[in-house]
1. Which three semi-axes in whole Å describe the equivalent ellipsoid of the stretch 73-230, each the square root of 5 times a Cα gyration tensor eigenvalue, listed largest first?
2. Compute the convex hull volume of the Cα atoms of the stretch 141-258, divide it by the residue count, and report the result per residue in Å³ as a whole number.
3. Could I have the simple spin-label model distance between E59 and E107, label points 7 Å from Cα toward Cβ, reported in nm to one decimal?
4. Using just the alpha carbons, could you tell me how many Å³ per residue the convex hull of the stretch 179-239 encloses?
5. Let me check the size of the stretch 106-179 from its C-alpha atoms; what are the radius of gyration and Dmax in Å?
6. Taking 20 Å as the cut-off for C-alpha to C-alpha distance, list the pairs among K64/K179; K83/K111; K43/K150; K217/K361 that go past it.
7. To the nearest 20 debye, what charge dipole does the stretch 33-139 have about its Cα centre, counting +1 at the Cβ of each Lys and Arg and -1 at the Cβ of each Asp and Glu?
8. Expressed as a rounded percentage, what relative contact order does the stretch 67-208 have, with Cα pairs under 8 Å and six or more residues apart?
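What follows draws every value from the coordinates through simple rules; no lab data is involved. Everything quoted here is computed from the prediction, not taken from an experiment. Don't worry about glycine lacking a Cβ; one is built from the backbone with ideal geometry, like all the others, and counts go over all protein chains shown.
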Amino acid sequence: MNTKDVREDQFIVGNEALSKVIASLNRTLDLNEVLLKCLEAVKIGLDSEASSLMLLDNEKKNLKVSMATGPVKDEILGATIPKGMGIAGWVLDNNEPYISNDVKEDELFYKDLSPSFTTRNIICVPLKDATGDPFGVLQAINKNEGLSFKKEELKIFQSLSMQVSTAIERSKIYEEQEKQLDRKREYISELHHRLKNSLSVISGLIEFEIDDVQDEKARYLLTFTNSRIRTLAKAHSAQSDGKTEDHIQLDEYIRDIVKNAGKTFGDFDQQITISSDLQPLNLDLNRSILCGLSVNELLLNELSRLLEGDTVSEIKVSLSLSDENKVSLVIESSGSSDEEMPGVKNGKPNSRFIVKSLINKLDGNIEHSVPGQGSKTEISFTL
């Protein structure tokens, strides 16, 4: 095979390598990955010893090596040259490609960025934004085997630079959107934190006042209301870490509600056992709050029965998810049977109406049954 055939084969291989990276760039959003892919393709596609990508800094005063391949890639990474200097500076200023096959005799050549690397020849093309203005350059350095860069290689190189420019611009937009999203998450997290604190303050004030209320109906209203406020505060507390976006762990949320339910009417440790069997489940905040308020309401009704002389000795709360993505929340209690789902009794708030309203917002169902001694209430909805 003669030299011409070898060079034609190399050109075909290079063309194919560059075409592949152009296709892959359209699927890449990470800027560093974009730069690395394109430079590896340049090195292979143009059969060069090294390649580099230089971008204008934020002040637009210097060109900075943002990515490089070749024997001194780590040494020159981050190196800068003044905006108007060298072949790269000329390409940037004139917004035109440039080929130099003997840089020693080229007055435009600035200098080597590393004393351990000697540039022999170079092909350099501009990177342009959507308006056509240059913001950087793409370079292939030192054609292997002492060969020269040819004009026919420039067309595919310019095609690559267009794709790289688009990919870089897209990556910058993506990164800015990610930063904006992070700022939004921080803002929302702070809102949840402040709301949690505000609700906690209100809850504390209500607790402070309850002991001085003599009217039994008023005490019930304040007690139930305070428990609902604490339930809301716990949901916002779970969101205040800013890590779960608009979802929380429903099982952990309900576990906290169960844990604190007995504190609403006092210490029932010697009279009743409250347990839970909760399957891990991540759920959006709105539906989690509806579930939490429903469970809290039903627990309060069961606990309040103790104050009226009922023989409730155990309450169990269960959470499960079926294979059909159906969520099931079950509250079971032992003791005397209650034929109806708890509602108004001795002046208590109408929790039956409240729970049914909450479940309607979940597009779910609620069933109340009396399996022998005690009662069972099941809330279900599709995930």
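1. Those come to 69, 16, 12 Å.
2. It comes to 149 Å³ per residue, whole-number rounded.
3. It works out to 2.9 nm between the two label points.
4. Residue-normalised Cα hull volume stands at 52 Å³.
5. Considering the stretch 106-179 through its Cα atoms, Rg and Dmax are 15.3, 46 Å.
6. K64/K179; K217/K361
7. On the way: 11 positive and 17 negative charges, 35 e Å.
Computed about the Cα centre, the dipole is about 160 debye.
8. Details: 139 pairs, mean separation 23.7, N = 142.
Relative contact order, the stretch 67-208: 17 percent.
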